[in-house]
Amino acid sequence: MEVVWEREIDASSIVVSPRPVWKCMACPMYGKRPSCPPHVPSWRDTVDLIKHYKKALLVKFKINTEDFEKEKRRILLWLLEKEKEYFRNGYPYAIALFPGNCNLCEECTFETTGVCKMPEKVRPSVDAVGIELTSIVTLDFNEPVLYGLILID
């Protein structure tokens, strides 16, 4: 996992709609992880939330697709650490959003028992809450990359 770039963006440039959530419904992980719908706030709640932020940090990560789960786990931990850094620097409402479903645990207990081992670390995925990633970045599906987002202030 490599951070390709970090870009501070205006939160007002983030488009939120039901379209990403509908795409989530076609995912085999739909409803299986605490970071996925229907276990996260609705896209309508996200529309309201975004109004209360002025800026966000968009982060592009290059990954080794042969070790996807491990690489993604490192990204989630990086995003959580960055969120904590913002918190320590006076941004108490900074919140990270994951690229896709949570995979912090190698074996997810939420899938089998409905109980998460690390609820304090789970964050919704960007798509799950209705954020149209294409509103803030041009996607190239030939690139082995993932994007994370941190709402800052």
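The values are calculated or read from the model by the stated rules, or taken from the named source; none is laboratory data. None of these values were measured; they are calculated from a predicted model. Neighbour counts are summed over all protein chains in view; Cβ atoms, including those assigned to glycine, are modelled from backbone coordinates with ideal geometry.
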Residue within region 10-17 that is small (Gly, Ala, Ser), more than 14 Å from the chain's Cα centre (by Cα), in a loop (DSSP other than H, G, I, E, B) and modelled with pLDDT of 95 or more present
yes
With ARG123, ARG74 as the choices, which residue is assigned to a loop (DSSP other than H, G, I, E, B), of a type in the set (Lys, Arg) and either in contact with a Lys or Arg (Cβ under 7 Å, 6 or more places away or on another chain) or within 15 Å of TYR147 (Cβ to Cβ) (or both)?
ARG123
Scanning region 101-139 for residues that are at pLDDT below 95 and among the acidic types (Asp, Glu), which turns out surrounded by the most Cβ atoms within 10 Å (Cβ to Cβ)?
GLU111
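Any idea which of VAL21, VAL3, VAL59 is touching a residue at least 12 places away in the same chain (Cβ under 8 Å), hydrophobic (A, V, I, L, M, F, W, C) and farther than 19 Å from ILE152 by Cα?
Unique residue meeting the criteria: VAL21.
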Of the residues in region 83-93, those that are part of a helix (DSSP H, G or I) and either among the hydroxyl-bearing types (Ser, Thr, Tyr) or over 13 Å from the mean Cα position of the chain (by Cα) (or both) come to LYS84, GLU85, TYR86, PHE87, ARG88
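Conditions tested, residue by residue: (1) touching a helix residue (DSSP H, G or I) at 6+ places or on another chain (Cβ under 8 Å); (2) surrounded by 13 or more Cβ atoms within 10 Å (Cβ to Cβ); (3) of a type outside the set (Gly, Ala, Ser).
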| residue | (1), (2), (3) |
| --- | --- |
| SER13 | yes, no, no |
| VAL16 | yes, yes, yes |
| MET25 | no, no, yes |
| LYS32 | yes, yes, yes |
| VAL40 | yes, yes, yes |
| ILE50 | yes, yes, yes |
| TYR53 | yes, yes, yes |
In region 24-37, what residues are under 15 Å from the mean Cα position of the chain (by Cα) and farther than 22 Å from LYS70 by Cα?
PRO37
